[in-house]
Amino acid sequence: MDKKIPCLDLKGQHQQIKKEVFEAFEKVYDQTAFSGGPFVEAFEKSFAGFCGTNYAVGVNNGTTALHLAMLALGIGRGDEVIIPANTFIATAWGVSYTGAIPVFVDCDPLTWEIDASKIEAAITPKTKAVIGVHLYGQPFDIHAVKAICKKHNLYLIEDAAQAQGAAYHGVPVGGFSEMACFSFYPGKNLGACGEAGGITTNKETYSRHLQSLRNHGSVVRYYHDEIGYNMRMGGLEGASLSVKLKYLPNWNQKRKEIAGKYHAALKNPKIQMQLQPEGHDSVFHLFVITTEDREQLTRHLNDRNIFPGLHYPVPCHLQKAYAGLGYKKGDFPNSEYLADHCLSLPMYAELTNEEVDYVINTLNSY
Ligand SMILES: Cc1ncc(COP(=O)(O)O)c(C=O)c1O
């Protein structure tokens, strides 16, 4: 194939909806509603509806969503929060920003999601919460993790940054925990034209607290009840998200169809795919495979104009930033295996049938 096929291409999506997004931008511009305001509120309302939650609070990115969720739970110095070792580092940043310590656990070797059976061994008297990550767009085993949280009186938080529209046994993610944290980074299934994030919750107290925390700790202007932050969502971002939310079910459906083809037609025994248990309805933010010799497969693909991604090459516990926590290679073998052998196949709604078939044939011929 002459055309290069990347892991993700945002251009097709943005060309399709350019006119509508620019019209929305014009409204924001004319109203000078650039920071928070009616366009963010409109998006919050529709996103809460989409997730089936009572509230959604828009912020400036997904990392902030995790940070503020921790603060809203009262987590801080001296506390520990359990998270999977194989996630994007921002899951851990949200914990570290508060002064609390992220405590890593391994993933399941087949689903690559947090291994619920490893959580209890990581609990100490300092543990306050568990953050489960709906990794690559696939819900983690929420019932199992929730049962452990209940038994030990821990808060559960969903990191749903990669999973807008995913469902667990028919129910959308975002309302299974105290708060669910979303990223609307441009490359996400629902991505803003800019940086953005959000938190969904069913509890009014959290919603109110998050609104205050993102706005300088203020409910009444110039009265500051606690130390707060400037972490509001921008109006242009909110307006672009409202436009895109209408298209999201269709885009997610397209991703599922592409994933269905990968699942059905990839027959190369040198390639393994993420196990998708019954009822874990993924939106395939990423389609990750593992293979023994990643470099060789990458060369095979690159030589044929296919450019896969890497999510993620270093697990959190082996990142330099966390060297002080004392983890070492060998602590979490499943996460380490994934980091060393993963490769993300092209996955976006605008991939043509021809391109998907070409990727499949190229992988099968390896
Ligand atoms: C699992 C996960 N958590 C958190 C984040 C952080 O989101 P953001 O990049 O919007 O800060 C991301 C996205 O980058 C993510 O993939």
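The values are calculated or read from the model by the stated rules, or taken from the named source; none is laboratory data. Being a predicted model, the structure only gives us computed values, none of them experimental. Quick reminder, even Gly has a Cβ in these numbers, built from the backbone with ideal geometry, and neighbours come from all protein chains shown.
If I ask for residues that are polar (S, T, N, Q), in a helix (DSSP H, G or I) and surrounded by fewer than 17 Cβ atoms within 10 Å (Cβ to Cβ), which ones from the range 190-244 would you list?
Thr205
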* Selection from the range 158-181 of residues that are out of contact with any helix residue (DSSP H, G or I) (no Cβ under 6 Å at 6 or more places or on another chain) and either within 12 Å of Ala65 (Cβ to Cβ) or not assigned by TED's automatic domain parsing to the domain that holds Met233 (or both) -> Glu158, Ala160, Ala180
* **Subset tally (residues that are near the ligand (Cβ under 7 Å from one of its atoms) and either part of a helix (DSSP H, G or I) or surrounded by 24 or more Cβ atoms within 10 Å (Cβ to Cβ) (or both)) for the range 66-95** => 4
* **Count - residues of the range 193-219 that are within 9 Å of the ligand (Cβ to nearest atom) and either farther than 20 Å from Ile131 by Cα or hydrophobic (A, V, I, L, M, F, W, C) (or both)** => 2
